[in-house]
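The values are calculated or read from the model by the stated rules, or taken from the named source; none is laboratory data. As the structure is a computational prediction, the values presented were derived from the model and not from experiment. Cβ: placed from backbone, ideal geometry, glycine included. Neighbour counts: every protein chain shown.
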Amino acid sequence: MTQSLEGKVALVTGASKGIGLAIAHRLLTDGASVAICGRNQAALAAAESQLVRDFPAARVLAVQADVSKLAEVRRLVSSVQDRFSRLDVLVNNAGVGVFRSVGDLSPEEWHAMLDTNLSGVYYCCHEALPLLKGAGSSFIINIGSLAGRNAFAGGAGYNASKFGLLGFSEALMLDHRYDGVRVSCVMPGSVDTEFGHSGTGKPWKIQPEDIADTVAHLLAMPERTLISRVEVRPSMPAK
Ligand SMILES: NC(=O)c1ccc[n+]([C@@H]2O[C@H](COP(=O)([O-])OP(=O)(O)OC[C@H]3O[C@@H](n4cnc5c(N)ncnc54)[C@H](OP(=O)(O)O)[C@@H]3O)[C@@H](O)[C@H]2O)c1
């Protein structure tokens, strides 16, 4: 299921690799102009080169920005407005995971997760909402996790951020549904990326393109309908 996104503009955070890059590629394929961000300039530039090999450079914008920093999010959203004059789709994908027991988890690691996975999403939504409301019919898609409903040992910081994100996402949906802004939370299980240094190449894992496909399905729903939460699992996880 897909729909033409021609003339639409999307912002995908944390899109220098992994799920975010796959989503950016898919939205460009479907016709949108796409802005991406990440903290590491070299990784971001490599992602940008990859995208402009496949799509017109005029439809791609890469902005170095750390979503855990409000000033950088403000600059990011202003860059999107300056370049494209509108925003139709915000995909809050940037996220980090450090998996240790609470006793071993440092305050810095705790803050890295909460500040990016939760506060970063709030910052992006807060700053982008004026543009999204102005678009008439727009979307915020938050990339949560099955770890947002299922706690596990070593996951306290990550679980807290993703449980929080699910609650935030559902309240956001209720707050802004009558502004023409639809909000979904996509909650994947294990995806084949470098996330949390888990290593790639495991054939049973969900592929980043499968999550990009999920996002495309959500965007293709008729305007009257909203899928507000999606749990995406590997069908046969390693035992
Ligand atoms: N992989 C999984 O199994 C899995 C499962 C469920 C949910 N998720 C969620 O999916 C999302 C994407 O994960 P992934 O697997 O694609 O991870 P990934 O391969 O590690 O990619 C993460 C991306 O986010 C960027 N990023 C991290 N912190 C950022 C920040 N503060 N500001 C801006 N960009 C930032 C990274 O670039 P820089 O480091 O250069 O900033 C990178 O581009 C995350 O929210 C994650 O929690 C992943």
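Just one of the listed residues (V67, V34, V52, V60) is of a type in the set (A, V, I, L, M) and in contact with an Asp or Glu (Cβ under 8 Å, 6 or more places away or on another chain), namely V60.
The set of residues in the range 5-17 being within 16 Å of the ligand (Cβ to nearest atom) and touching a Phe, Trp or Tyr at 6+ places or on another chain (Cβ under 6 Å) is empty. In the range 120-139, the qualifying residues are those that are within 16 Å of the ligand (Cβ to nearest atom) and under 14 Å from R86 (Cα atoms), and the one that is surrounded by the most Cβ atoms within 10 Å (Cβ to Cβ) is A128.
The residue that is surrounded by the fewest Cβ atoms within 10 Å (Cβ to Cβ), among those in the range 22-58 that are within 17 Å of A212 (Cβ to Cβ) and of a type in the set (D, E), is D54.
Yes/no per residue for (1) within 16 Å of the ligand (Cβ to nearest atom); (2) in a strand (DSSP E or B); (3) touching a Cys at 6+ places or on another chain (Cβ under 6 Å); (4) at pLDDT 95 or above:
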site	(1), (2), (3), (4)
T2	no, no, no, no
I19	yes, no, no, yes
R26	yes, no, no, yes
S49	yes, no, no, yes
L61	yes, yes, no, yes
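One residue stands out in the range 78-96 among those that are within 13 Å of the ligand (Cβ to nearest atom) and among the aliphatic types (A, V, I, L, M): the one that is farthest from the chain's Cα centre (by Cα), namely V96.
Sort out which residues of the range 69-84 are over 16 Å from L44 (Cβ atoms) and in contact (Cβ under 8 Å) with a residue 24 or more places away in the chain, and write them in order of number. The answer is L70, R74, V77, Q81, F84.
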